[in-house]
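Trainee: First the structure, then my questions, so here it is.
The values are calculated or read from the model by the stated rules, or taken from the named source; none is laboratory data. Everything numeric here is computed off the predicted structure, so don't read it as measured data. Methodologically, a virtual Cβ is constructed for each residue, glycine included, from the backbone with ideal geometry; neighbour enumeration extends over all protein chains shown.
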Amino acid sequence: MSAMSERTRIRRLPAKAVTERLELDRVLDAGLVAHVTVIDHDVPLALPVAYARRHDEVLFHGSTGSRLFRRLADGEPTCLTVTLLDGLVLARSAFESSMHYRSAMLLGTATRLSGDDELDALRTITEHLLPGRWQECRQPSAKERTATMTLSLPIDEWSLKVSEGDPEDDPADVIDDTYGRIWAGVVPVQESFGPPRRAVDCPDDIPTPAYVQGWRR
């Protein structure tokens, strides 16, 4: 299936729908946290997960002891979402005030990875979150690999919704003697990394890696 499937067709504000796969990839590559849903005893649950895109799949991992991850590995259908908040929109009315956002939703069934494929997936996730770290840090041991479940969700059925632009005020509010004098506009929301903070057990003579100093958001 594709972004134009009946299940992923955007019905509310369809003008905000984006169907270019390249734009979906950009959103997935910019995010750091996804939410994955699973039904457990008739209760819908949303799990926050670290993730990364690898070509035509989204990778994420959790504990092999998690019953929710085991349900996903057993073929429980899921929905994975990634939302980027880009700004707050201040309209003259509370009703028209909103947000700038980029919101991706993927539907499908996840598959558990193993062997070298799983190791590459763990590398991909690590490099997405911590660029440059994989080559320097100790890689997962056999015991750690046993405790980790790595899943892949294909990018087959998806939707992408993007909200941007100025406030869309009621024209009557714009010309109103009172409400027309209220400031309206957009306040951008920006995510950034702060200065690296050394762990208490990290010797002072070990310099902060150049790849860490170069991280930007």
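Trainee: How many of the residues in the range 34-64 are out of contact with any strand residue (DSSP E or B) (no Cβ under 9 Å at 6 or more places or on another chain) and not in a strand (DSSP E or B)? Steps first, please.
Mentor: Filtering the range 34-64 for residues out of contact with any strand residue (DSSP E or B) (no Cβ under 9 Å at 6 or more places or on another chain) gives 40-43, 55.
Filter once more, keeping what is not in a strand (DSSP E or B): 41-42, 55.
So the answer is 3.
Trainee: For HIS128, work out the one condition from (1) farther than 25 Å from VAL18 by Cβ; (2) in a helix (DSSP H, G or I); (3) in contact (Cβ under 8 Å) with a residue 12 or more places away in the chain it doesn't fulfil.
Mentor: (1)
Trainee: Here's something else I'd like to know. Which residues, taken from the range 157-195, are surrounded by 16 or more Cβ atoms within 10 Å (Cβ to Cβ) and farther than 30 Å from THR109 by Cα?
Mentor: PRO167, ASP169, ASP173, TYR179, ALA184, VAL186
Trainee: Evaluate the range 92-106: report whether one residue or more is over 22 Å from THR64 (Cα atoms), part of a strand (DSSP E or B) and in contact with a Phe, Trp or Tyr (Cβ under 6 Å, 6 or more places away or on another chain).
Mentor: Yes.
Trainee: Could you list, in sequence order, all residues of the range 196-208 that are within 26 Å of the chain's Cα centre (by Cα) and either exposed (fewer than 10 other Cβ atoms within 10 Å of the Cβ) or touching a residue at least 40 places away in the same chain (Cβ under 8 Å) (or both)?
Mentor: Scanning the range 196-208 gives a single hit, ARG197.
Trainee: What residue, among those in the range 136-158 that are at pLDDT 95 or above, of a type in the set (S, T, N, Q) and not in a helix (DSSP H, G or I), is nearest to the chain's Cα centre (by Cα)?
Mentor: Only one residue fits best here, namely SER152.
Trainee: Something else: Assess whether SER97 counts as being in contact (Cβ under 8 Å) with a residue 40 or more places away in the chain, surrounded by fewer than 19 Cβ atoms within 10 Å (Cβ to Cβ), polar (S, T, N, Q) and out of contact with any His (no Cβ under 6 Å at 6 or more places or on another chain).
Mentor: The answer is yes for SER97.
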